[in-house]
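Enquirer: Before I ask anything, here is the structure I am working with.
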Amino acid sequence: MAGVSAATVSRAFNTPQQLNSETLKRVTEAAQSLRYQPNGVARSLRRNRSMAIGAVIPSFRHAYFGSTVEGLQSGCRAAGYSLLIATSDYDEKKELDAVHAMVRQGVDGLVLVGLQRDPELQALLDESGIPYIVTWSYDEKLPSIGFNHGKAMELVTRHLLDLRHTRIAVLMAFLRVSDRERDRLAGIETALRARGMNLPPDRIFFAGGSGLQDGRNAMRAVLQQHPRTTAVICANDLLAAGAIMECRARGVVVPEQLSITGYSDLEFASAMEPGITTVRTPSERLGLLAAEWLVRKLAGDAVIERCELETELIIRGSTGPAMKRATRSTQKDPS
């Protein structure tokens, strides 16, 4: 119907950039008219590839990894690969089971998030020989594309210290199961030590989750236990938004009475009132780079084994100069 050879049709579907626009248009129109779809099983047998890349993501519950998946999808689609996705819910065993399932399905490559995982998983990856890339965390020993979360949180903490905040509390969501959050906490502590200060354990609050209500609950605990706190550093933007909501409900004005920071720069962070001071992480670009890395690796091209992406401190209206906060209690604040 298109008036071209079978080889030209093959190039139209697999390497369209090799054809001129007129020929590609004829083949595409003919395929649409015939409702033709390439047979994926036949293609995988011919190439000895499934043309599928698997990704195990901690969670989609609060969209933190949504833009990363969009980047992965874009990169895979451009190279003719399908993307298979599973979630682990921050559970090492679930992540291991998901990778087992993907290996059995014959995925050509794998995308993982973070460094904390079941030791059996690393053995499985080494044994299978399937190329994989770790994302969101940067490691000098593993193929990885990620961020320096500690350095990012040092910038956040120094920003607050420059505003003369000394009574600081921290809200964490998944500290026990997330190396990224542990790095963020370490960055906070490093910045405080550089100014001759420390972070008492009772100033670290575990929200039990990463949602808005988790942020409200943790903020409530901060205000009850340390009412003279002037700044709260949150592990992510949703916790920060929840903290701002709780402050508003209790008549605590942000940032005049209490400054609040987030992490990730999700879309709503700039739309909040006040806007949330946060760390911008280029997560969609991270996903695109991870997909491109795997595609090049599978093609046998030379690749840079690891890449640290830059983050950026975004200062908005949720942070301001520290002021002395009144407290109902006459007991001396231990901090």
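Enquirer: When only residues in region 267-316 that are small (Gly, Ala, Ser) and surrounded by 19 or more Cβ atoms within 10 Å (Cβ to Cβ) count, which is farthest from Pro131 (Cα to Cα)?
Expert: Ala269
Enquirer: Something else: When you scan region 146-237 for strands (runs of 3 or more DSSP E) that lie fully inside it, which ones turn up with 1 or more residues that are more than 24 Å from Glu308 (Cβ to Cβ), in contact with a His (Cβ under 8 Å, 6 or more places away or on another chain) and touching a residue at least 60 places away in the same chain (Cβ under 8 Å)?
Expert: Details: elements: 168-172, 204-206, 231-234.
Because the criterion is at least 1 residues that are more than 24 Å from Glu308 (Cβ to Cβ), in contact with a His (Cβ under 8 Å, 6 or more places away or on another chain) and touching a residue at least 60 places away in the same chain (Cβ under 8 Å), the strands (runs of 3 or more DSSP E) in region 146-237 that meet it are 168-172, 231-234.
Enquirer: Under 7 Å between Cβ atoms, at least 6 apart or on separate chains: pull out the pairs that start in region 288-310 with a residue that is closer than 17 Å to Leu110 by Cβ and end on any residue that is among the aromatic types (Phe, Trp, Tyr) and in a loop (DSSP other than H, G, I, E, B).
Expert: Note: pairs meeting the criteria are Val295/Tyr81; Arg306/Tyr138.
Enquirer: Within region 163-187, track down each residue that is of a type in the set (A, V, I, L, M) and over 19 Å from the mean Cα position of the chain (by Cα). Spell out how you get there, then give the answer.
Expert: Initial filter on region 163-187 (of a type in the set (A, V, I, L, M)): 163, 168-173, 175, 177, 185-186.
Those that are of a type in the set (A, V, I, L, M) and over 19 Å from the mean Cα position of the chain (by Cα): Leu163, Ile168, Ala169, Val170.
Enquirer: So, one more: In this structure, is Glu256 out of contact with any strand residue (DSSP E or B) (no Cβ under 9 Å at 6 or more places or on another chain), surrounded by 20 or more Cβ atoms within 10 Å (Cβ to Cβ) and over 29 Å from Val134 (Cβ atoms)?
Expert: Details: out of contact with any strand residue (DSSP E or B) (no Cβ under 9 Å at 6 or more places or on another chain): yes; surrounded by 20 or more Cβ atoms within 10 Å (Cβ to Cβ): no; over 29 Å from Val134 (Cβ atoms): yes.
Criteria not met by Glu256.
Enquirer: Another question about this same structure. If a residue must be buried (at least 20 other Cβ atoms within 10 Å of the Cβ) and not polar (S, T, N, Q), how many such residues does region 81-90 contain?
Expert: Looking only at that region, the number is 1.
Enquirer: Can you name the condition, by its number, that Arg306 falls short on among (1) in contact with a strand residue (DSSP E or B) (Cβ under 7 Å, 6 or more places away or on another chain); (2) modelled with pLDDT of 95 or more?
Expert: Every listed condition holds for Arg306 apart from (2).
Enquirer: Only one residue in Ala101, Ala78 is among the aliphatic types (A, V, I, L, M), exposed (fewer than 15 other Cβ atoms within 10 Å of the Cβ) and over 23 Å from Glu292 (Cβ atoms). Which one?
Expert: On the way: Ala78 fails: over 23 Å from Glu292 (Cβ atoms).
On inspection, the qualifying residue turns out to be Ala101.
Enquirer: Could you list, in sequence order, all residues of region 157-173 that are surrounded by fewer than 21 Cβ atoms within 10 Å (Cβ to Cβ) and touching a helix residue (DSSP H, G or I) at 6+ places or on another chain (Cβ under 8 Å)?
Expert: As a first pass, look at region 157-173 and keep what is surrounded by fewer than 21 Cβ atoms within 10 Å (Cβ to Cβ): 158-159, 161-164, 166-167.
Arg158, Leu161 - these are the residues of region 157-173 that are surrounded by fewer than 21 Cβ atoms within 10 Å (Cβ to Cβ) and touching a helix residue (DSSP H, G or I) at 6+ places or on another chain (Cβ under 8 Å).
Enquirer: From (1) surrounded by fewer than 15 Cβ atoms within 10 Å (Cβ to Cβ); (2) outside any helix (DSSP H, G or I), pick out the condition that doesn't hold for Glu70.
Expert: Of the numbered conditions (1) surrounded by fewer than 15 Cβ atoms within 10 Å (Cβ to Cβ); (2) outside any helix (DSSP H, G or I), the odd one out for Glu70 is (2).
Enquirer: Answer yes or no: is there a residue in region 121-140 that is surrounded by 18 or more Cβ atoms within 10 Å (Cβ to Cβ), closer than 30 Å to Gly320 by Cβ and either assigned by TED's automatic domain parsing to the domain that holds Ile304 or under 14 Å from the mean Cα position of the chain (by Cα) (or both).
Expert: So far as region 121-140 goes, no, none of its residues is surrounded by 18 or more Cβ atoms within 10 Å (Cβ to Cβ), closer than 30 Å to Gly320 by Cβ and either assigned by TED's automatic domain parsing to the domain that holds Ile304 or under 14 Å from the mean Cα position of the chain (by Cα) (or both).
Enquirer: Let me ask something additional. Of all residues in region 67-92, which are closer than 12 Å to Val56 by Cα and charged (D, E, K, R)?
Expert: Let us first name the residues in region 67-92 that are closer than 12 Å to Val56 by Cα, namely 68-69, 72, 83-92.
Matches in region 67-92: Asp89, Asp91, Glu92.
Enquirer: Identify, by number, the condition in (1) in a loop (DSSP other than H, G, I, E, B); (2) closer than 18 Å to Ile233 by Cα that Val279 doesn't meet.
Expert: (1)
Enquirer: Can you tell me how many residues within region 84-114 are at pLDDT 95 or above, touching a Phe, Trp or Tyr at 6+ places or on another chain (Cβ under 9 Å) and not β-branched (Val, Ile, Thr)?
Expert: Residues flagged as at pLDDT 95 or above, touching a Phe, Trp or Tyr at 6+ places or on another chain (Cβ under 9 Å) and not β-branched (Val, Ile, Thr) within region 84-114 amount to 5.
Enquirer: A follow-up question, please. Mind checking which residues of region 259-276 are among the aliphatic types (A, V, I, L, M), outside any helix (DSSP H, G or I) and farther than 18 Å from Thr230 by Cβ? Give the steps one after another, and end with the answer.
Expert: We begin by selecting, within region 259-276, every residue among the aliphatic types (A, V, I, L, M); these are 260, 266, 269, 271-272, 276.
Adding the requirement that they be outside any helix (DSSP H, G or I) leaves 260, 266, 272, 276.
Listed by number, the residues that qualify are Leu266, Met272.
Enquirer: Test each condition in (1) out of contact with any Gly (no Cβ under 9 Å at 6 or more places or on another chain); (2) surrounded by fewer than 23 Cβ atoms within 10 Å (Cβ to Cβ) for Glu154 and report the one that comes out false.
Expert: Condition (1) is where Glu154 drops out.
The values are calculated or read from the model by the stated rules, or taken from the named source; none is laboratory data. For clarity, every value in this text was computed on a predicted model and none was experimentally measured. All Cβ positions, glycine included, derive from the backbone under ideal geometry; neighbour counts span all protein chains shown.
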